[in-house]
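Asker: The structure that follows is given in the form of structure tokens.
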Amino acid sequence: MAEPGVLFRRVAVIGLGLIGGSLASAIRRGHLAEWVVGADQRGDDLTLGLKLGIIDEAAESVAAAVKGADLVVVAVPVRSTEEVLREIKPWLEEGALLTDVGSTKASFVDAVATVFGSCPVSVIPGHPIAGSEKSGITAANPDLFLGHKVILTPPEPVDPVLLRRLSNLWEGCGARVLTMSVAHHDEVLAATSHLPHLIAFSLVDTLAGEDENLDIFRYAAGGFRDFTRIAASDPVMWHDIFLSNQQAVLRVIDHFTHDLGLLRTAIAEQDSATMLRVFSRAKAARDHFSRMLSGKAYVTTTSEKQITFHLSPGGSVSGDIRVPGDKSISHRSIMLGALADGITEVKGFLEGEDSLATLQAFRDMGVTIEGPDNGHVRIHGAGVDGLQAPRGPLYLGNSGTAMRLFSGLLAPQRFDSELTGDASLTKRPMGRVADPLKSMGALITTAEGGRPPLKIKGGQKLRGIHYDMPVASAQVKSCLLLAGLYAEGTTSVTEPAPTRDHTERMLAGFGYEVRRDGATASVTGGGRLTATTIDVPADISSAAFFLVAASIAPGSDLTLRHVGMNPTRVGVINILRLMGASIEVLDEREVGGEPVADLRVRSSALQGIDIPLSDVPLAIDEFPVLFIAATCASGTTVLRGAEELRVKESDRIQVMADGLARLGVVTEVTEDGIVIKGAQKIGAGRVDSHGDHRIAMAFAVASLVSEGDIEVTDCANVATSFPGFVELAGGVGINIRTTGE
């Protein structure tokens, strides 16, 4: 919501229909402007608007309304826009903000350019995604925008002050403000709004012409009524929208008609595999609708969903819990299951946003995947040569693992592909996988600085290479091994220090030979994978937060079940034990080729240590919370050889140091690590997690021993790796609540 207070001196709303009237009413109720004036060619509506308190003043003309206004809102039918803009132009004050509420943006921008000669920086098109079956001034409702999205399509460049003021105005009306380009808006809305309305109009019209039309409508189920409800919308308005967004609408109609034809053929030929693939892909896309639209649904840097952790000090940690499934193994189970011959069953799959993005990407490439349902996923493998060209870019959210592994998997495919992600992922370097893939014969282009999006040219024949990794990285190793499945000859990778070997273990589990000789792993291309069953262990990276929490909070006694104990992942246990932590490993066993165990951890007095270099790559994701342990330990903890931390979701060394400083903790940052003098008091304060899930959770753990309340901002990405973290943390004794959801 916007900060309370007047944002504009005089707002002129041109057109007092449902949207214009509702906006005027919301502005007045929220005291967001000193004066709201309306203009409408329907004099009766103006009079009624004044009588109902929707506007402060009924202007006799557009000129009278616009004169002196610092915000002008065009709320007329789309095809009337240019005519109204011509009336506005002579009276629009210099520096005044001009916006609209229309459903198509290119037509508004074109009309502005026609009338004004260009699109000034003070013109910011807008589109509230809200409506009603009713229309006109009598349907005006100040609550119409509550909880709904408003898309702004600012020009480049745009006046940032005006953009912020307009965003605050809409937020003050209860809306969530998002931004995207004009072209992307029109393409997305053609698919998600315009096409459904067109289908609803057509379907109702078709069925109304049937001989027994009365029975059709009399016995229609709720789904039919819900879907066709939008056919009650204003026909004139939708006539204008379809003509104004003609090309985008035609493209999506052609695409839909083609796919509908494929379904018709599948039904006629009783092709159950095709039907199941389409239906399961559609169900998943619907379940995760906000992330799946055009691969990048309504993502914005202006008003992303902001979640803040509020943490109070004190308490001990106790209980018997199982943290979510291992993210690394969840990613790989979907990838290899999709490439295998046969049906792969996965249990314990992590239903976090990163893993779901991987799952959806394979659905977008034609793989039938059922679930997830309480961690169970059923993958109908397409075979190593069975992936299909995706319809558009593959959106991988916040997952650097997925992007790096997909780059190796897609480089040898016969089709072109593009990998994209959220704002955080687009800042992460991908040259470290693109460069060795190019030496194998791949054609890959990146954005400036080797960053996403990655555009991969299909149809390239790869050749096996030997690659000596300059920096230990399981993601780079896995990327090249996956590319090696398709390459001519042998692909081998030598790592300077041990890294996670989940890819090698799982390839072997799928029946693909992986040769290991010391620090070198290699595969020979041309083989097949055979479907199998996978039981994903609990993620040791997620367990790490609770291992540290129970170690530092006095009186703690916590058991963690079914934790993955892969030798390449146990660095966090090794380091904590060296610091004096009390961690018992119980009931060690092997499940699906991966070692697992139960862990019991009790509070203990920790000592600072010089972290062994051999443990650094084995704990690379756990260092944020280990920094908290080091702060609580007596003595000094020194970390070296961890430059990999600087290219994670954030520069984890610097961001953790900055966050600790905000809480009164002094550290010494080095090029490849950090020095932390222990036994420092953790004070109250506000910490910016920079959208990094592990940073956010680390400071949640720190609150157990803090001297005051801690607030951690930008925590939405915790859901990418640890869905349910807040509930689980609260259940064992961490005093945590959230706002902004």
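The values are calculated or read from the model by the stated rules, or taken from the named source; none is laboratory data. The structure displayed is predicted, hence computed values, not measured ones. Reconstructed Cβ throughout: ideal geometry from the backbone, glycine too, with neighbour counts over all protein chains shown. For the accessible areas, the whole protein counts, side chains as well, though only heavy atoms, and no ligand, DNA or RNA atoms are used. Shrake-Rupley method; radii C 1.70, N 1.55, O 1.52, S 1.80 Å.
Asker: Once both labels are modelled 7 Å past Cα along the beta-carbon direction, what's the Phe256-Ala679 spacing in nm?
Answerer: Here the answer is 7.0 nm between the modelled labels.
Asker: Same structure again: How would Arg432, Arg42 line up by accessible area, probe 1.4 Å, largest first?
Answerer: From most exposed to least exposed: Arg42, Arg432.
Asker: Which shape class, rounded, prolate or oblate, goes with segment 631-741 when its Cα gyration tensor gives a ≥ b ≥ c as root eigenvalues, a/c under 1.5 marks rounded, and past that a/b bigger than b/c marks prolate?
Answerer: Taking the square roots of the gyration eigenvalues as a ≥ b ≥ c, segment 631-741 is oblate.
Asker: Excluding ligands and nucleic acids, what accessible area in Å² is computed for Thr138 using a 1.4 Å probe, to the nearest 10?
Answerer: 110 Å²
Asker: Just the projected area, averaged over all directions, of the convex hull on the alpha carbon atoms of segment 460-591: how many nm²?
Answerer: Averaged projected area of segment 460-591's Cα convex hull equals 9.7 nm².
Asker: Would you check the accessible area of His690, probe 1.4 Å, heavy atoms only, in square angstrom rounded to 10?
Answerer: Here the accessible area works out near 100 Å².
Asker: Moving on to the next point. Whole number please: convex hull volume per residue of the Cα set in the chain, in Å³?
Answerer: Value for the chain: 174 Å³ per residue.
Asker: What whole-number distance in Å separates the alpha-carbon centres of segment 328-392 and segment 22-88?
Answerer: With segment 328-392 and segment 22-88 each reduced to a Cα centre, they are spaced 52 Å.
Asker: Something else about it: Hey, can you grab everything whose amide H is under 5 Å from the amide H of Asn735? Only 5+ residues off in sequence or another chain; H modelled, so Pro and N-termini drop out.
Answerer: Under 5 Å from the amide H of Asn735 lie the amide H atoms of Ser312, each far enough along the sequence or on another chain.
Asker: Would you compute, from DSSP H runs of 4+ residues alone, the mean residue ellipticity of the chain at 222 nm, taking -39500 (n - 2.57) per run and dividing by the full residue count, rounded to the nearest 500?
Answerer: When only DSSP H runs of four or more count, the value is -11000 deg cm²/dmol.
Asker: Keeping the other protein chains in place, figure out the carbon and sulfur percent of the accessible area of the chain, with a 1.4 Å probe.
Answerer: Result for the chain: 51 percent of the exposed heavy-atom area is carbon or sulfur.
Asker: Here's something else I'd like to know. Can you sort Ile540, Ile343, Ile609 by 1.4 Å-probe accessible area, starting with the largest?
Answerer: Largest to smallest exposure gives the sequence Ile343, Ile609, Ile540.
Asker: Right, next: Pull up all non-local amide H partners of Gly315: gap of 5 or more, or a different chain, and H-to-H distance under 5 Å with H placed in the peptide plane.
Answerer: none
Asker: Under 8 Å for C-alpha pairs, at least 6 residues apart: give me the relative contact order for segment 564-674, rounded to a whole percent.
Answerer: Taking the mean separation of contacting Cα pairs over the length of segment 564-674, I get 22 percent.
Asker: Mind pulling the angle between the C-alpha long axis of helix 160-172 and the longest principal axis of the chain? Nearest 10 degrees, somewhere in 0 to 90.
Answerer: 80 degrees
Asker: Could you tell me how far the Cα centroid of segment 639-699 sits from the Cα centroid of segment 120-147, in Å?
Answerer: Using only Cα atoms to place each centre, the spacing works out to 44 Å.
Asker: Can I ask one more? Could you derive backbone 3J(HN,Hα) for segment 423-437 from the dihedral phi with the Karplus parameters 6.51, -1.76 and 1.60 (θ = phi - 60°), listing whole Hz in sequence and x where the residue is Gly or Pro?
Answerer: 3J(HN,Hα) across segment 423-437, in whole Hz: 4, 5, 5, 5, 9, 8, x, 10, x, 5, 9, 5, 5, x, 5.
Asker: How large is the accessible surface per residue of the chain, computed with a 1.4 Å probe and reported in Å² as a whole number?
Answerer: Ligands and nucleic acids excluded, the result is 40 Å² per residue.
Asker: I've got another one for you. Give, in whole angstrom and from largest to smallest, the semi-axes √(5λ) of the equivalent ellipsoid of segment 52-183, with λ running over the eigenvalues of the Cα gyration tensor.
Answerer: 21, 19, 15
Asker: Can you give the net charge of the other residues whose Cβ lies under 13 Å from the Cβ of Ala447, counting K and R as +1 and D and E as -1?
Answerer: Around Ala447, the charge tally is +2.
Asker: I need the phi-derived Karplus couplings for segment 502-508: 6.51 cos²θ - 1.76 cosθ + 1.60, θ = phi - 60°, integer Hz, Gly and Pro marked x.
Answerer: So the Karplus estimates, Gly and Pro as x, are 4, 5, 4, 4, 6, 4, 4 Hz.
Asker: Right, another one. Helix 195-208 sits at what angle to the longest principal axis of the chain, using alpha carbons and giving 0 to 90 degrees rounded to 10?
Answerer: With both axes taken from Cα atoms, the answer is about 60 degrees.
Asker: Once ligands and nucleic acids are excluded and a 1.4 Å probe is used, how much of Ile734 is accessible, expressed in Å² to the nearest 10?
Answerer: Solvent-accessible area, nearest 10 Å²: 10 Å².
Asker: Between Asn141 and Glu83, what length in nm is gained on full extension when 0.36 nm per residue of separation is reduced by their alpha carbon distance?
Answerer: Length gained, Asn141 through Glu83: 18.2 nm.
Asker: Work out from phi, with θ = phi - 60° and the Karplus expression 6.51 cos²θ - 1.76 cosθ + 1.60, the ³J(HN,Hα) of each residue of segment 447-460, listed in order in whole Hz, and give x for Gly and Pro.
Answerer: Result, ordered by residue: 6, 4, x, x, 9, x, x, 9, 10, 10, 7, x, x, 9 Hz.
Asker: Collect residues whose amide H, placed 1.01 Å from N in the peptide plane, falls under 5 Å from the amide H of Leu529; neighbours closer than 5 in sequence don't count.
Answerer: Under 5 Å from the amide H of Leu529 lie the amide H atoms of Asp341, Val384, each far enough along the sequence or on another chain.
Asker: Which percent, to the nearest 5, of DSSP beta bridges fully inside the chain are antiparallel?
Answerer: If we restrict to bridges inside the chain, about 55 percent are antiparallel.
Asker: Classify segment 591-662: rounded, prolate or oblate, from the alpha-carbon gyration tensor (a ≥ b ≥ c, eigenvalue square roots; a/c under 1.5 rounded; otherwise prolate if a/b is larger than b/c)?
Answerer: In terms of gyration-tensor shape, oblate.
Asker: Can you tell me the 0 to 90 degree angle between the C-alpha axis of helix 18-29 and the longest principal axis of the chain, rounded to 10?
Answerer: 80 degrees
Asker: Continuing with the same structure: Label segment 336-393 by shape, choosing from rounded, prolate and oblate, from the square roots a ≥ b ≥ c of the eigenvalues of the Cα gyration tensor; if a/c is under 1.5 it is rounded, and otherwise prolate applies when a/b is larger than b/c, oblate when it is not.
Answerer: Oblate, because a/c is 1.5 or more while a/b does not exceed b/c.
Asker: If you don't mind, another one. When the C-alpha atoms of segment 227-279 are aligned to their principal axes, what extent does each axis show, in angstrom, from largest down?
Answerer: 41, 25, 16
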